[in-house]
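Right, one structure below, let's go through it.
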Amino acid sequence: MFDLESLYEEGKIKDITQLFIENAPNYFSLFSREELETVSYKGKILAVPSYSLPETKRLQAIIRKDVPEELKISSIGSFSEFELLDKVRKNKPELVPTVITPFKPAPTSVDLPGPSVLDIFAEAAGYTILSSGDLEIVYRTDDPDIKLLDWKQTPEYKKGVETFMNWRRKGYADVSMNKRKWSEYASIISYKGDSEKISNLVMEETGKPAEFVEFELYPDLITTRTFDPGNIVVFSSKSEKTEKALAFVDWLMTDREAYNLFVYGIQGKDYTLDEKNHVKLLIPEGYTENDIYFNIHKSWSLVNNKLDIQDEELFREKSRYVESKSRYMPHLAFRIDINSILRSYSNFSSADRRRFERSYVAGNKTLEELDEFLKEQKKITDPILQEIQKRLDEWRTVNKNLN
């Protein structure tokens, strides 16, 4: 994690606010105020960020195409409606109605991380997620003071895992999922666009194509928008040619021909574009796609997702979707290495938290045992949250214009 604040306070890097505007106006114009704040300190822009397409996680009920057609399920917009899959249990007993992705089958060749209990329930319950890592941290979206909470200490967390338990009891889902195949499920709770991945998983297992349709859960919910500044460029305080360097960045990051030349090489010699305008590398004998030679742009330099997506209409479509469904939250530019803090607390164990959650949902732990576990966890996580809260409050004080 980069520490722009220290580098600037120590006089090692430049404030490039005005220089960026004047010498790279085209690239500068791609960014919103919130996005530029991720590389700013005290209102000063200290680095040139990569242009990453903003993202938001939208939950989907991804269902085998034949199921809603046969059972006349026209829409699913919430988890109460999702229980329409009771029809699956009664009418298609050969299928398991759904898979709860935190407890999904073992990993396969297709990357499908899937949502956690936090992802599924927190935002719909009115929380904003600050961290979804080993310690899941949230705050109430309508809280102007941004008081941090351990997600597992909220009443909504308990309601969430109890929902999963009820689904298991009713036969909507089982939790012996490592013993099952993806093709045995009528539906999967996952993210927008994952239907293609799930089709590929079923194809791997059965050798037959499978079509899935996506129903967006909570379609009217405004979710958190994220932006990753990715690889950044900073300028030494001793730099004498900052203006020229920024002018070069402006050309490289906004001219598709220049960008493709820098990233992929010469069209027809080093790469081609398929019918969907996807880049296909022409790899010389003796090299592989994973060689540094072909990935230098991903590892070491600025990236522009707008130019990575060769189909401009597809980029606009994705951008419109994200803008209409999400917004930036006030902690966007708050940078902190939470894992390094957790490592300083020897009594904190993310593995214990995951293990207990899985055991509870599987029916191997009682509600009383869950309450006792959460009570003990609170003693562990309260001091951690206090430390992170202190840093957040200090950051907000220094960057008052962001609040």
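Readers should treat all values here as calculations from the given coordinates under stated rules, not as data from a laboratory. None of the values given here were measured: they were computed from a predicted structure. So basically every Cβ, Gly included, is an ideal-geometry build from the backbone, and we count neighbours across all protein chains shown.
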I want to verify a result. In a Gaussian network model of the chain, Cα cutoff 10 Å, which of these has the top mean-square fluctuation: I222, I388, I21? I21
Quick one: Cα centre-to-centre distance for the stretch 199-277 and the stretch 372-391, in angstrom? 38
Total formal charge among the other residues, if their Cβ is under 11 angstrom from that of Q60, Lys/Arg +1 and Asp/Glu -1: 0
Tell me which DSSP H helices of the chain clear both cut-offs, 15 Å or more of axial length from alpha-carbon atoms and a mean Kyte-Doolittle hydropathy of at least -1.0. 195-206, 242-254, 367-398
Going by a ≥ b ≥ c, the root eigenvalues of the Cα gyration tensor, does the chain fall in the rounded group (a/c under 1.5), the prolate group (a/b larger than b/c) or the oblate group? oblate
Summing +1 per Lys or Arg and -1 per Asp or Glu among the other residues with Cβ less than 10 Å from Y259's Cβ gives -1
Once the stretch 193-292 is represented by equal point scatterers at the alpha-carbon sites, with solvent omitted, what log10 I(q)/I(0) does the Debye formula produce at q = 0.16 Å⁻¹? -1.08
Here are some pairs, K152/K325; K72/K276; K42/K244; K241/K280; which of them have Cα atoms lying more than 29 Å apart in this structure? K72/K276; K241/K280
Quick one: which residues, 5+ away or cross-chain, put their amide H under 5 Å from the amide H of S78? H built at 1.01 Å from N. Y218
Residues S340 and K44, FRET efficiency given R0 of 22 Å [Cβ-Cβ distance, rounded to 0.05]: 0.30
Exposed loop GluC sites (Glu not before Pro) only (DSSP loop, at most 13 other Cβ atoms within 10 Å): please give the longest stretch of the chain free of them, not including the sites. 95-210
Test of the criteria: in the stretch 41-97, which trypsin sites (Lys or Arg not before Pro) are in a DSSP loop and have at most 14 other Cβ atoms within 10 angstrom of their Cβ? K42, K65, K72
Which residue, Q60, Q267, Q389, has the most motion in a Gaussian network model of the chain that connects Cα atoms within less than 10 Å? Q267
Starting from the Cα of V233, step 7 Å along the direction of its Cβ; do the same at L221; then give the gap between the two resulting points in nm. 4.0
In cubic angstrom, how much convex hull volume per residue do the alpha carbon atoms of the stretch 351-395 span? 79
Report the extension gain between K280 and E22 in nm, rounded to one decimal, defined as 0.36 nm multiplied by the number of residues separating them, less their alpha carbon distance. 89.3 nm
Pulled fully out, how much extra length does the chain show between I266 and Y321, if you take 0.36 nm times their separation in residues and subtract their Cα-Cα distance? 16.5 nm
DSSP beta bridge pairing in the chain, given as percent antiparallel to the nearest 5: 80
